[in-house]
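This report concerns only the one structure given below.
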Amino acid sequence: MFDTERLQVLAARVRPTAASRTRLLPTLPSIAALLPDGGLRRGTVVRCTGRAARSMALAVAAGPSAAGSWCALVGMDDVGALAAAGYGVDLERLVVVHVARAQWASAAATLADGLDLVVVVPPPHPRPAEVRMLVARARDRGAVILMVEERPSCPVDLELAVAEAGWHGLARGAGRLQSRRVTVVARGRGQAARPVRRELWLPAATGKAAAA
Amino acid sequence: MTQAGPGAPPPRLVLIECPALEAPEGAAADGVERLRRFGQVIDALSSVCPWVDAVRPGVCTLPIKGPARYFGTEEAVLDRVGEAVRGALQGAGHREAPGADGAAFGGPAFRLGVAEGVFAATLAAKAGVTVPPGETPRFLAPWPVDVLGDPELADVLVRLGLSTLGRFAALPAPDVLARFGASGARCHRVARGFDGELPGYRMPGTGARLVAALGRSLALEAHQPGFWGGTSAADERAAEVLIVLQRRLGPEAVAVPVLEGGRGPADRCRLVPWRPPAAAPEPEGARRIPPEPPWPGRLPPPAPARVIATGRPAGPSQVERVNQAHQAHQAHQVELAGEDGAPVGVSGRGLLTGTPWRLSLAGGPWTSVAAWSAPWPAEERWWSRARRRAARLQVLTVDGAAYLLVTEHGRWRVEAVYD
């Protein structure tokens, strides 16, 4: 009997070779509903902002990661790896890069040379020249940069803003945090100029992202 | 009874120990000289294998499986390692001082050991042996428990008549956890050969200190990742840039998360330096959640997206790391108060001493508390005088932020943020 699950895993592993010629990185269905192309377009910059911005970034990274892309986190030394795994990020293709403030942009640019996805929490007040250099490198190399920031440091192709967020499950002295319902507004350039609003569980009680 | 399985064994490696080149943090001027010499040893070793892991000053490892495939046998690798280290030490003008018995003159200034995991390889180096593949647990068994480097634990074990690693290893894991807490359980996994490294042995930042002492990048050989293995084009492209980045920033700057046992989120994940795929072939699923005994008091999912651990590894410079740790410490202090302004804590019976009303982070403005959990008690090392009594609490503020707080010695701090 064929071990179909194993075959699917293998198929996912070899896919990036072929996908490097395509322009879209696949995402989870709940995330795809927010993206104008239904996937992450290579060479673009996406900003995640609002109360659940880091969870949003991890959920966005989950789809490409599961399909074989490598993902780096810069300025996110404090990432909860269990949460990342919960959203679907494959920890075998996740690196956490620790850099001094002065080197964040050059490290992220180097990562964009070889990794499909670079999630960046920039330092406060990053130098515009550094940000431009990073964006140019991502466009050139076909990487996707996910900026996690409250104060925009550069124009982006798409912004995913968590407008409202409410936790469920915790009461006064009882219960526990179980799931969070968020409203995400996606807006960007071109096709994405008209904002799209979606309700998501980020995370659902399973730890994954799901449409609400 | 059934016990949690061993999971993947630690990687087989050769450990090189240069006792004369140990340089504790904050060592004086000759500490820098020792670091420089140790950097030269690592440079020399990188001609044998591009991936050398500087565990702490004076101690490094390299994987042996990949190089053994390349050079033919493990003995051939050891010959080359010995040659490289000897050459580097002589080239660095290093001479072994005559020992009290005079026998050390011209004798070994370094020791080699081969085993699965850093801990066993250290003992193998001490004994000067190559432990055959798969034999590491049997090799560990006769060593006295004080090699675990925890005098208090060793003291209790010896009083219980468990004087060797083998006898300690034979205890059921859940009993060890119940009696000795998380740190005892970790020592137990090491004694059984399931975990390769004792916490606290590795000195984070060693690579960065070496780079600083040498005044240049470590001369790791440029190489094709595909030559050493690699599974897909994406893996190889990633490996290439990660190698470049490690050479520029130091090995610890590029880390991968490893999940392990523990109660709180900070215990359950550790960052370790990334290594190229086939330099140290990692068994499938090595980074997945390991099989383990149940952890009473473990937090239920979902896990928080930000985990604020004290003593993070990996700093570009030691000073910066210390400063960051200090600032982080300040930044994560929390005050939790009741309606009357009196601090709310956790009683000896594990109950809140008041009703949480408002919360202040790092001395900042007060925010009203909207909801909170019952405390999760967590007591570590209860058997020791240095025991840690801790409790965790989930708190939601009216602005929608959710925190995991932990209290120890009557003070709250943020352990994680449900960002």
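The values are calculated or read from the model by the stated rules, or taken from the named source; none is laboratory data. Note that the structure is predicted; figures quoted are calculated from it, not measured. Backbone-built Cβ (ideal geometry, glycine too); neighbour counts: all protein chains shown. Accessible surface areas use protein heavy atoms only, side chains included; no ligands, DNA or RNA. Shrake-Rupley method; radii C 1.70, N 1.55, O 1.52, S 1.80 Å.
A:PRO122 meets the conditions (1) out of contact with any Asp or Glu (no Cβ under 8 Å at 6 or more places or on another chain); (2) touching a residue at least 24 places away in the same chain (Cβ under 8 Å) in every case but one. The failed one is (1).
Scanning the stretch B:249-277 for residues that are modelled with pLDDT under 70 and open to solvent by less than 10 Å² (accessible area, probe 1.4 Å) gives a single hit, B:GLY262. Taking the conditions (1) open to solvent by 10 Å² or more (accessible area, probe 1.4 Å); (2) more than 14 Å from chain B (Cβ to nearest Cβ) in turn, A:VAL184 satisfies each one other than (1).
Of the set (1) within 30 Å of B:ALA253 (Cβ to Cβ); (2) touching a Lys or Arg at 6+ places or on another chain (Cβ under 9 Å); (3) crowded, with 19+ Cβ neighbours inside 10 Å, all apply to B:VAL131 but (1). Against the list (1) in contact with a helix residue (DSSP H, G or I) (Cβ under 9 Å, 6 or more places away or on another chain); (2) farther than 21 Å from B:LEU271 by Cα; (3) at the interface with chain B (Cβ under 10 Å from one of its Cβ atoms), the condition A:LEU73 fails is (2).
Scan the stretch A:115-130 for residues that are within 12 Å of chain B (Cβ to nearest Cβ) and surrounded by 22 or more Cβ atoms within 10 Å (Cβ to Cβ) and the total you get is 5. As a summary of the residue check, B:VAL334 satisfies the conditions (1) within 17 Å of B:ARG411 (Cβ to Cβ); (2) at pLDDT 95 or above; (3) not in a loop (DSSP other than H, G, I, E, B) except for the one numbered (2).
One residue stands out in the stretch A:187-208 among those that are among the small types (Gly, Ala, Ser), buried (at least 16 other Cβ atoms within 10 Å of the Cβ) and away from every other protein chain (no Cβ under 14 Å): the one that is farthest from B:GLN394 (Cα to Cα), namely A:ALA192. Residues that are of a type in the set (Lys, Arg) and at pLDDT below 80 within the stretch B:199-216 comprise B:ARG209, B:ARG216, listed in sequence order. Of the set (1) in contact with a helix residue (DSSP H, G or I) (Cβ under 6 Å, 6 or more places away or on another chain); (2) free of Cβ contacts under 8 Å to residues at least 12 places away in the same chain; (3) over 30 Å from B:ARG247 (Cα atoms), all apply to A:GLY173 but (1). Out of the residues in the stretch B:54-76 meeting the condition of being part of a strand (DSSP E or B) and in contact with a helix residue (DSSP H, G or I) (Cβ under 7 Å, 6 or more places away or on another chain), tell me which one is nearest to B:GLY250 (Cα to Cα). Among those that are part of a strand (DSSP E or B) and in contact with a helix residue (DSSP H, G or I) (Cβ under 7 Å, 6 or more places away or on another chain), it is B:ALA54.
Per the conditions (1) free of Cβ contacts under 8 Å to residues at least 12 places away in the same chain; (2) part of a strand (DSSP E or B), the sole criterion not satisfied by B:GLY113 is (1). For the condition away from chain A (no Cβ under 12 Å), without any contact (Cβ under 8 Å) to a residue 12 or more places away in the chain and open to solvent by 60 Å² or more (accessible area, probe 1.4 Å), B:PRO377 does not qualify.
Per this entry, B:GLY196 is not counted among residues that are part of a helix (DSSP H, G or I), of a type outside the set (Val, Ile, Thr), at pLDDT below 90 and open to solvent by less than 40 Å² (accessible area, probe 1.4 Å). Within the stretch A:68-101, the only residue that satisfies the criterion of being within 21 Å of B:PRO204 (Cα to Cα), open to solvent by 30 Å² or more (accessible area, probe 1.4 Å) and in a helix (DSSP H, G or I) is A:ARG101.
Hey, can you tell me all the residues within the stretch A:131-169 that are outside any strand (DSSP E or B) and open to solvent by less than 30 Å² (accessible area, probe 1.4 Å)? Correct list: A:VAL131, A:LEU134, A:VAL135, A:ALA138, A:GLY142, A:ALA143, A:GLU149, A:CYS154, A:VAL156. Is it the case that some residue within the stretch A:167-176 is modelled with pLDDT of 95 or more and away from chain B (no Cβ under 11 Å)? Within the stretch A:167-176 (the criterion being modelled with pLDDT of 95 or more and away from chain B (no Cβ under 11 Å)), the answer is no, since none of the residues qualifies.
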